[in-house]
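Trainee: Here you go, one structure.
The values are calculated or read from the model by the stated rules, or taken from the named source; none is laboratory data. No experiment lies behind these values; they were computed from the predicted model shown. Glycine also receives a Cβ, built like all others from the backbone with ideal geometry; neighbour counts cover every protein chain displayed. The area values use the complete protein model at the heavy-atom level, side chains included, leaving out ligands, DNA and RNA. Shrake-Rupley method; radii C 1.70, N 1.55, O 1.52, S 1.80 Å.
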Amino acid sequence: MEGNQDRESRSSRASDSPGDTMNDVYAAWHEMLEGEGAGLAARVGELEVRCARQAEELLCLRSTLADALRRLNALEGRPPSAAPAAPAAPAAPAAPRNGSYAGSTGTPSRELRIRQPAYRETAKRTSSYGSSASSLPQRRGPQHQSTGSLQSDSPASSSSLSPAPSPSPRATPAPLHTPHPPQAYSTHTCQYNEEDGSMRMFLRGRPVVLYGSSDQDALDPAKVAPPPQNKLKLEWVYGYRGKDCRSNLYLLPTGEIVYFVAAVVVLFNVEERCQRHYTGHTDDVKCIAVHPNKLIIASGQCAGHDRLDARPHVRVWNSVSLATLAVLGATQLERAAACVAFSRADGGALLACVDDAPDHALSVWDWQRPDKGHCLAETKCSVDTVVAVEFHPLDRNQIVTCGKNHIAFWTLDSTNMLYKRMGVFEGRDKPKYVTCLGFNHNGDVVSGDSSGNISVWARGTNSVAKLLRGVHEGPVFSVAVLKEGHVLTAGGKDGRIVMFDPEMNPTGLENTIEGHYGGVRVVAEGRGSQIFIGTTKNCILHGDLELGFSPAVLGHVDELWGLAAHPTLPQFATAGWDRLLQLWDGLSHSTVWSKDIDERAQCCAWSRDGGVLAVGCLSGAWLVFEPASRQLLARHHDGAEPIQTIQYSPDNSLVALGSRDNFIYVYRVEDDGARYTRLGKCLGHSSYITHLDWSEDSQYIRSNSGDYELLFWNATTCRQVTSASSLRDVVWASNHCPITFTTIGVWPENADGTDINSCTKSHDSRLAATGDDFGKVKLFAYPVTQPKSLCHQYGGHSSHVTCVRFLADDARLVSAGGLDTAVMQWLLD
């Protein structure tokens, strides 16, 4: 019995063994296939990374070749060829360069660049703009001449700032402003009296009588004076707009960083200390994007008030030749291009743009169409603010937007319809703002928010796969994915840059920028371990996480009015409402020093020997500094209104201060500018003082006021000289007053008396320059005694130009923009 059971058991096991063997074989095969599949996937991933790196190397080689060709063409004096630079772009008509190239004319001091961080050790920058989300206030609209006689329309008047030959957006009636109504007497309804040699001109209908010198030839007001033979070329732009704009700093394969300030996009090679400028825009640039080929750039601007070019639009252009390839959105955009992005999975054929209008419309463009761009799709994006838009780098036609209370995932289907899926947050974790976007190498979306959290959204989903809480104190303003896969996050409040590995695990490597530079606005990957940082206080820093950062670009943060050229050196000082007094070198294009003066500054002036620098403030205080040591030498206070202008006498014995309280205060200068004794104040103006000039013998002062008066004063007695004709032969050391006989022609027809903010003449008295409320710098032949005088005019500023000054050798002109906070240096050709 037991023997039978044993035999049955053995036979049963024998019958089961073939099946078990097959299962084991199948399991082994399965494990082997899984192992091979995993290995294959790893090898494919490595090949993809290698291909991506080789593609980047090809881009670098292509870009280097194009840059080398551009430099050779520049040396040989030939126009640059755009063909090697943009193989992915459509053929564009031959075009002159829409910009200028500026190399440093002096060897920059290495000591200055190394010491730059120390310049701001005591500069605790406390002033900032009121709202980071709002755009700059717009300037008033321009006054258009009834004839073309007041602006040179000859080819000679075209500067390096002339628009590209591509189509410019044509304006609908400009919002918020209408030109001054026609008046019975316009600015150019001038009456010349040959008997007493006087000219009667009208500003806003108010007559102003101006006396020429005794040897002045008779004038015919109907004649037109020619423009000067000299022209201006934009040489350097100081400043950066980081206070209220995002994703505005990139490194190009040529070694240039690209960013914007005012209406200029700057391409700056930090190592070679040279700049180039794209100047096709007519108002504030608000965003930029770089094409996957790293050679083509898109930049978007806000609506302006120039009726000839007022519409917001996006310009696509070649970064090597600076030629415009397309102009998009001139009829669709309402307020401003808030953010733009090129598609990446298809090689950059499409461009996405979000309008800053109330509906925040998202539009997608086929920008390479022969008709300079075609809108494929447009839809309402969100009623809330949208701060970023990006195409998915791996999935075609996938777009991500983010902003206030949302992150949205968009799909552009084959019929060019846009479909949206909203990102889903956990109830407690929904932030007020999703502030920035990035993509890791797996295609997952990495976002930062206003609560300091980092969220990872799995590829193809709209839900959070991983949440890192409290990475930063305050909002996360930038997420940057490095070539090796590591991720950098940056805080706008805590100033920290934190590195994560590709799986978003902290690496322990981080750094914090110095507080006086502001918070971090954007992080851009540089060469090797180098990174560039744009800050909320309009600075650009460069360095790495281990060694720290030093400034590459410094700028002002608040409205800028003060500008003074050194009397003998190629240097100039600026002072603004951000409480910063800064000294710049015009040859090395660098900041010599920067100092927080704890006062909002309105104006500044050098003593005639350059020994001291005086600053007038909004509080009525005025300060005197020794420029070498930056030591405060004297502090005085006159009235409760802002000090509008300061001027030292030519013999350096007196200083005059024009205040907004309608008075001119005169002080005696002692101890080489260290001590001051008040002589008195000049009473007689019925409005605030705008400009001052001294006579060459230091005996007389002339002044303009807000109600278009020109008055004369005895400097030592502080009494008004009521007979203007008695001073007709006085020689004036400067011509900062725009309402004078020698500057009649600088006023455009039907001008408001406050349209011209600044006027100056060159030291050799051959040229005059003005800065006006419409963002224009104009160059005239001096003296400008003909009411109708042609000029060369230049754009670039997006706000009122508050001050213009020639440097000591008259080879350069410097202009300051008010709300755009930019300082521009122009070279005289």
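Trainee: Considering only segment 654-703, state which residues are hydroxyl-bearing (Ser, Thr, Tyr) and at negative phi.
Mentor: Scanning segment 654-703 gives SER659, TYR665, TYR667, TYR676, THR677, SER686, SER687, TYR688, THR690, SER695, TYR700, SER703.
Trainee: Can you name every residue in segment 560-577 that is surrounded by fewer than 24 Cβ atoms within 10 Å (Cβ to Cβ), of a type outside the set (A, V, I, L, M, F, W, C) and either in contact with a Ser or Thr (Cβ under 8 Å, 6 or more places away or on another chain) or part of a loop (DSSP other than H, G, I, E, B) (or both)?
Mentor: HIS566, PRO567, THR568, PRO570 - these are the residues of segment 560-577 that are surrounded by fewer than 24 Cβ atoms within 10 Å (Cβ to Cβ), of a type outside the set (A, V, I, L, M, F, W, C) and either in contact with a Ser or Thr (Cβ under 8 Å, 6 or more places away or on another chain) or part of a loop (DSSP other than H, G, I, E, B) (or both).
Trainee: If you don't mind, another one. Spot the failing condition for GLY548; the list is (1) surrounded by fewer than 21 Cβ atoms within 10 Å (Cβ to Cβ); (2) at pLDDT 95 or above; (3) out of contact with any Ser or Thr (no Cβ under 6 Å at 6 or more places or on another chain), and only one is missed.
Mentor: Unmet condition: (2).
Trainee: So which of ASP772, ASP809 is in contact (Cβ under 8 Å) with a residue 12 or more places away in the chain, closer than 22 Å to ASN704 by Cα and of a type outside the set (Ser, Thr, Tyr)?
Mentor: Sole residue among the options that is in contact (Cβ under 8 Å) with a residue 12 or more places away in the chain, closer than 22 Å to ASN704 by Cα and of a type outside the set (Ser, Thr, Tyr): ASP772.
Trainee: Next question. Restricting the search to segment 615-662, which residues are in a loop (DSSP other than H, G, I, E, B), open to solvent by 40 Å² or more (accessible area, probe 1.4 Å), free of Cβ contacts under 8 Å to residues at least 40 places away in the same chain and not charged (D, E, K, R)?
Mentor: Within segment 615-662, SER619, ALA628, SER629, ALA640 meet the criteria.
Trainee: Of all residues in segment 236-267 being closer than 18 Å to GLY280 by Cβ and touching a His at 6+ places or on another chain (Cβ under 8 Å), which is surrounded by the fewest Cβ atoms within 10 Å (Cβ to Cβ)?
Mentor: Among residues in segment 236-267 that are closer than 18 Å to GLY280 by Cβ and touching a His at 6+ places or on another chain (Cβ under 8 Å), the one surrounded by the fewest Cβ atoms within 10 Å (Cβ to Cβ) is LEU267.
Trainee: A follow-up question, please. Please find, among ALA768, ALA781, the residue that is surrounded by 24 or more Cβ atoms within 10 Å (Cβ to Cβ) and either at pLDDT below 95 or under 19 Å from ASP809 (Cα atoms) (or both).
Mentor: Sole residue among the options that is surrounded by 24 or more Cβ atoms within 10 Å (Cβ to Cβ) and either at pLDDT below 95 or under 19 Å from ASP809 (Cα atoms) (or both): ALA768.
Trainee: If we keep just the residues of segment 366-398 that are touching a His at 6+ places or on another chain (Cβ under 7 Å) and open to solvent by less than 10 Å² (accessible area, probe 1.4 Å), which is modelled with the lowest pLDDT?
Mentor: The residue in question is CYS381.
Trainee: Still on this model: Within segment 332-355, count every residue that is surrounded by fewer than 24 Cβ atoms within 10 Å (Cβ to Cβ) and either over 21 Å from PHE409 (Cβ atoms) or at pLDDT below 90 (or both).
Mentor: Total satisfying the criteria: 5.
Trainee: If you go through segment 223-269, how many residues are within 25 Å of LYS776 (Cβ to Cβ), more than 13 Å from the chain's Cα centre (by Cα) and outside any strand (DSSP E or B)?
Mentor: So the answer is 7.
Trainee: Let me ask something else about it. Among the residues of segment 219-241, how many are hydrophobic (A, V, I, L, M, F, W, C), within 30 Å of ASP707 (Cβ to Cβ) and out of contact with any Lys or Arg (no Cβ under 9 Å at 6 or more places or on another chain)?
Mentor: Result for segment 219-241: 1.
Trainee: May I ask you to list pairs of residues, at least six apart or on different chains, whose Cβ atoms are under 6 Å apart, with the first in segment 225-250 being closer than 15 Å to ALA552 by Cβ and of a type in the set (Lys, Arg) and the second being open to solvent by 10 Å² or more (accessible area, probe 1.4 Å) and in a loop (DSSP other than H, G, I, E, B)?
Mentor: none
Trainee: Also, quick follow-up: Is it the case that ALA751 is open to solvent by 10 Å² or more (accessible area, probe 1.4 Å), of a type in the set (A, V, I, L, M) and closer than 24 Å to GLY706 by Cβ?
Mentor: The answer is no for ALA751.
Residue-by-condition table, conditions (1) among the acidic types (Asp, Glu); (2) more than 20 Å from LEU468 (Cβ to Cβ); (3) touching a Leu at 6+ places or on another chain (Cβ under 8 Å):
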site	(1), (2), (3)
PRO502	no, no, no
PRO506	no, no, no
ILE531	no, yes, yes
GLY534	no, yes, yes
LEU547	no, yes, no
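Trainee: Check whether at least one residue in segment 579-594 is open to solvent by less than 10 Å² (accessible area, probe 1.4 Å), within 20 Å of THR645 (Cα to Cα) and touching a residue at least 60 places away in the same chain (Cβ under 8 Å), and report yes or no.
Mentor: The answer is yes, given that some residue of segment 579-594 is open to solvent by less than 10 Å² (accessible area, probe 1.4 Å), within 20 Å of THR645 (Cα to Cα) and touching a residue at least 60 places away in the same chain (Cβ under 8 Å).
Trainee: Out of all the residues in segment 691-708, which are open to solvent by 10 Å² or more (accessible area, probe 1.4 Å) and either more than 27 Å from PHE202 (Cβ to Cβ) or without any contact (Cβ under 8 Å) to a residue 40 or more places away in the chain (or both)?
Mentor: Correct list: GLU696, ASP697, GLN699, TYR700, ARG702.
Trainee: Which of the residues spanning segment 480-504 are assigned to a strand (DSSP E or B), open to solvent by less than 20 Å² (accessible area, probe 1.4 Å) and closer than 21 Å to ILE540 by Cα?
Mentor: Those that are assigned to a strand (DSSP E or B), open to solvent by less than 20 Å² (accessible area, probe 1.4 Å) and closer than 21 Å to ILE540 by Cα: ALA480, VAL487, LEU488, THR489, ALA490, GLY491, ILE497, VAL498.
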